[in-house]
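Following: one structure in structure tokens, then a few remarks.
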Amino acid sequence: MPFSISAQIVNDVAKFTLSGELDAGSAGNFRTEIEKIAAQKPKRLVLFVKDLTFMASAGLRVLIFAKQKLGAEVPIYIISPQEPIVDTLEKTGFLQSVYVAPEYTDEG
Amino acid sequence: MEPKSFAGTLDSLSLIREYVTSAANSAGLDRKATYGLCLAVDEIATNIIVHGYEGAGRSGVLDMRTEMESGTLTVIIEDDGVAFDPRENKLPDSEDFSKPLENRPIGGLGVFLAFDGVDEFKYERSGGRNRNIFVVHHQSHTNT
């Protein structure tokens, strides 16, 4: 399933919906969207990934890039990830630096 | 699985994952083991394409084949890119993994996931080609 991404910023919250397969070929799109939205200085980044079926290390590197670009104080929420992606986040230590939750409310 | 060649471009990654998934399904691997194998192969294939070919100004293919015997599924990639043994790569360690995201080194994550995704990883250099070998002992990862 091809990768697709949509992004919007509402009330200083950047909301991305990612689906399909995030690999080295598609990670550039994700990075570009992060760059675009960084100009609006969001206070929070929320990734809705229920339909993201695959994530390679290229996706992890974009998360690092997002943290560097948006600022360490901007929290990253990953909403409803599939089990293998949680597994990848866990074994690489990313779970310590992002918030994973089954659903998202603007109250956080 | 019949051997298959893939163009050494990032567009091939999804086709490579399909090929590996098909082999894993034939071997009866469970979902978790299939994902781990796909991720492992994807990471090394990415390195071959990005560093072995594109980064070196070369073009070429990834020749893939699979072997299933004695409770073991083996996936083999051969390429003509720059010689590179992933086992010599510096891997992130527990200290790296405990750093805040913004301070994390980005190198080595892919190779770490590649090694983690399979039971054995081997590398050989033969006839001027790289040969990356991924082994899953599928009796411990089957759906039965």
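List of remarks:
Quick grid of which residues meet (1) touching a His at 6+ places or on another chain (Cβ under 8 Å); (2) of a type in the set (D, E, K, R); (3) at pLDDT 95 or above; (4) surrounded by fewer than 16 Cβ atoms within 10 Å (Cβ to Cβ):
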| site | (1), (2), (3), (4) |
| --- | --- |
| A:P42 | no, no, yes, no |
| A:A72 | no, no, no, yes |
| A:I76 | no, no, yes, no |
| A:D87 | no, yes, yes, no |
| A:V100 | no, no, yes, no |
| A:E107 | no, yes, no, yes |
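- Residues in the stretch A:20-41 that are within 14 Å of chain B (Cβ to nearest Cβ) and farther than 21 Å from B:L109 by Cβ: A:A38 alone.
- Remark: pairs (first residue in the stretch B:52-66, surrounded by 15 or more Cβ atoms within 10 Å (Cβ to Cβ); second residue hydroxyl-bearing (S, T, Y) and in a helix (DSSP H, G or I); Cβ separation under 8 Å; 6+ apart in sequence or on different chains) = B:G60/B:Y53; B:L62/B:S12; B:M64/B:Y19.
- Look at (1) more than 15 Å from B:I133 (Cα to Cα); (2) of a type in the set (F, W, Y); (3) more than 14 Å from chain A (Cβ to nearest Cβ) and you find that B:F84 fails only one, number (1).
- Restricting the stretch A:46-66 to residues that are assigned to a helix (DSSP H, G or I) and more than 9 Å from every other protein chain (Cβ to nearest Cβ), the residue that is surrounded by the fewest Cβ atoms within 10 Å (Cβ to Cβ): A:V62
- Sole residue being more than 13 Å from chain A (Cβ to nearest Cβ), in a helix (DSSP H, G or I) and among the hydroxyl-bearing types (S, T, Y), chosen from B:S22, B:S14: B:S22
The values are calculated or read from the model by the stated rules, or taken from the named source; none is laboratory data. Since the structure is predicted, the reported quantities are computational estimates derived from the model, not experimental observations. As a convention, Cβ positions derive from the backbone with ideal geometry for all residues, glycine included, and neighbour counts pool all protein chains shown.
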